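K.L.:
Quick one: this structure, given as structure tokens, is what I'll be asking you about.
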Amino acid sequence: MPAPLFHRRPGGLLWYWTLGLALVGVVYWIIRTVPAFSDLLTPFYWVIALTLVILTIRWFRPRATQRRHEERRSGDRRDDTDEPPPAA
């Protein structure tokens, strides 16, 4: 049976989208409250949307099966018999 390709929890992605939609709501509220800021704040919709698209693509990108190229330790340090233990 092949291993499933996708093992990520959606919590991070939901956090990004919740924060992004909250920011869109704040920008919308400011524009509705103070219409003079409409031309100034409209590009923030594009910035937020682009950020959400980039974070979503990054979240969906598959991880490598082997994340480390090699282990940090080649073996257990306590079982190393090359050197005698230091005298106390």
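K.L.:
Regarding Val47, is this residue in contact with a helix residue (DSSP H, G or I) (Cβ under 7 Å, 6 or more places away or on another chain), at pLDDT 95 or above, surrounded by 10 or more Cβ atoms within 10 Å (Cβ to Cβ) and in a helix (DSSP H, G or I)?
P.N.:
No; evaluated as a whole, the condition is false for this residue.
K.L.:
Let me ask another. Among residues belonging to region 1-18 that are in contact with a helix residue (DSSP H, G or I) (Cβ under 9 Å, 6 or more places away or on another chain) and part of a helix (DSSP H, G or I), point out the one that is modelled with the lowest pLDDT.
P.N.:
Gly12
The values are calculated or read from the model by the stated rules, or taken from the named source; none is laboratory data. Everything numeric here is computed off the predicted structure, so don't read it as measured data. Methodologically, a virtual Cβ is constructed for each residue, glycine included, from the backbone with ideal geometry; neighbour enumeration extends over all protein chains shown.
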